[in-house]
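For reference, the structure is listed below as structure tokens.
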Amino acid sequence: HEKGNVENKVGTIRRNLFVPEPTINHLGTFNLDLLKKCSERNLGQHYRLKKSIDALFEQEKLLMAPVNKIPFDTARYESRKVNKF
């Protein structure tokens, strides 16, 4: 039942941060500006809980468990010798 909520949030971010379509002259500068805008949004209040989104996220972090304690390498490295065939 959370799928629709997540899709609505994505749409809200898209409409508020990417409309009108931004002109990007330097990707690093654009990313820093985008990060600043997202950080400012996190200081806003949650519509129902009336707490800052940042504070609610800090509470959620305590409930999160690590997925893998040992990093999983998804690649397999092999050495090969190449000839004409």
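The values are calculated or read from the model by the stated rules, or taken from the named source; none is laboratory data. Note that the coordinates shown come from a computational prediction; the quantities given were computed from them, not determined experimentally. In this analysis, Cβ positions are derived from the backbone assuming ideal geometry, glycine residues included, and neighbour counts consider all displayed protein chains. Surface accessibility is based on the protein's heavy atoms, side chains included, excluding ligands, DNA and RNA. Shrake-Rupley method; radii C 1.70, N 1.55, O 1.52, S 1.80 Å.
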| query | With springs only between Cα atoms under 10 Å, which of ILE13, ILE53, ILE70 fluctuates most in a Gaussian network model of the chain? | reply | ILE70
| So what does log10 I(q)/I(0) come out to for the chain at q = 0.19, 0.27 Å⁻¹, using the Debye formula with one equal point on every Cα and no solvent? | -1.09, -1.30
| Which loop chymotrypsin sites (Phe, Trp or Tyr not before Pro) in the stretch 8-80, with loop taken from DSSP, have no more than 12 other Cβ atoms within 10 angstrom of their Cβ? | PHE18, TYR47, PHE72, TYR77
| 23 Å Cα-Cα reach of LYS9 towards lysines, excluding residues that sit fewer than 8 places from it in its own chain | LYS36, LYS37, LYS50, LYS51, LYS61
| request: Send over a whole-number figure in Å² for the accessible area per residue of the chain, probe 1.4 Å. | output: 103
| query | What Kirkwood radius, in Å to one decimal, follows from the Cα pairs of the stretch 1-40? | reply | 11.4
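I need the GluC sites (Glu not before Pro) found in the stretch 54-85, filtered to DSSP loop residues with at most 16 other beta carbons within 10 Å of theirs. If you can, show how the numbers build up before the last one.
On the way: sites: GLU58, GLU60, GLU78; in loops: GLU78.
In loop regions of the stretch 54-85 (DSSP not H, G, I, E or B), the sparsely surrounded GluC sites (Glu not before Pro) are GLU78.
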